[in-house]
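The values are calculated or read from the model by the stated rules, or taken from the named source; none is laboratory data. Just so it is clear, the model here is predicted, and its values are computed rather than measured. Ideal geometry is used to build each Cβ from the backbone, glycine not excepted, and the neighbour counts take in all protein chains shown.
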Amino acid sequence: MENFEEYIKDRWEDQKGWYSNKSKSAKKWHLRFQITIIVATVLVTLLTALGIKEIDVKSIVTSIVASLVVVLVSISQLMKFEEYWIRYRTTAEALTKEKVFFDTLTGPYSNSENPEQDFVERVESLISVEHQTWFQEIKKK
């Protein structure tokens, strides 16, 4: 196949890097939100346990922190950090697995008459499935 090395460099490596980086970013945001939610929830519990009888600073702080928890949970669900982290990581790993199979001529490439063409078709299929999933989610919103 002509330009196969260019395809590996310009398409496969680019897509593999993109999915890997997006996965890392989504994971970081997911963990940040989850940790903040946990800390804020514990803080609400502690402030509530202190026994607030009337409106004072403690009750105001408790209300603010409880509201923060609701906001953080809502943003986390809206942004789907965990879902994207898992999906992007899955796609990045599938692209890596495909390259290993190709490099070793194993799996779907063991009896292939044209492994380079098969590789391109399989990689594009993986990317296409991810794009279709993303598009379907956008249509739902």
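Of note:
- The listed residue being surrounded by fewer than 17 Cβ atoms within 10 Å (Cβ to Cβ), at pLDDT 95 or above and hydroxyl-bearing (Ser, Thr, Tyr), out of Thr90, Thr41: Thr90
- Given (1) surrounded by 14 or more Cβ atoms within 10 Å (Cβ to Cβ); (2) touching a helix residue (DSSP H, G or I) at 6+ places or on another chain (Cβ under 7 Å), number of the condition Leu50 does not satisfy: (1)
- Condition met for Asp10 (out of contact with any Asp or Glu (no Cβ under 7 Å at 6 or more places or on another chain), within 30 Å of Ser125 (Cα to Cα) and either loosely packed, with under 15 Cβ neighbours inside 10 Å or among the basic types (Lys, Arg) (or both)): yes
- Listed by first and then second residue, the pairs linking a residue in region 110-121 that is closer than 17 Å to Glu6 by Cβ to a residue that is of a type in the set (S, T, N, Q), with Cβ atoms under 9 Å apart and 6 or more places separating them unless they lie on different chains, are Phe119/Ser112.
- One residue stands out in region 65-87 among those that are of a type in the set (Ser, Thr, Tyr) and free of Cβ contacts under 8 Å to residues at least 12 places away in the same chain: the one that is surrounded by the fewest Cβ atoms within 10 Å (Cβ to Cβ), namely Ser74.
- Filter result for Thr62 (in contact (Cβ under 8 Å) with a residue 12 or more places away in the chain, under 23 Å from the mean Cα position of the chain (by Cα) and more than 20 Å from Ile138 (Cα to Cα)): no
Residue by residue, here is whether (1) within 14 Å of Lys16 (Cβ to Cβ); (2) at pLDDT below 95; (3) surrounded by 12 or more Cβ atoms within 10 Å (Cβ to Cβ); (4) among the aromatic types (Phe, Trp, Tyr) holds:
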position	(1), (2), (3), (4)
Ala94	yes, no, yes, no
Thr106	no, no, no, no
Pro115	no, no, yes, no
Asp118	no, no, yes, no
Glu124	yes, no, yes, no
Glu130	yes, yes, yes, no
Lys141	no, yes, no, no
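- Thr41 without any contact (Cβ under 8 Å) to a residue 24 or more places away in the chain and touching a helix residue (DSSP H, G or I) at 6+ places or on another chain (Cβ under 8 Å): no
- Region 1-28 residues that are within 12 Å of Arg89 (Cβ to Cβ), paired with ones that are charged (D, E, K, R) (beta carbon under 7 Å, 6 or more apart): Ser23/Arg89
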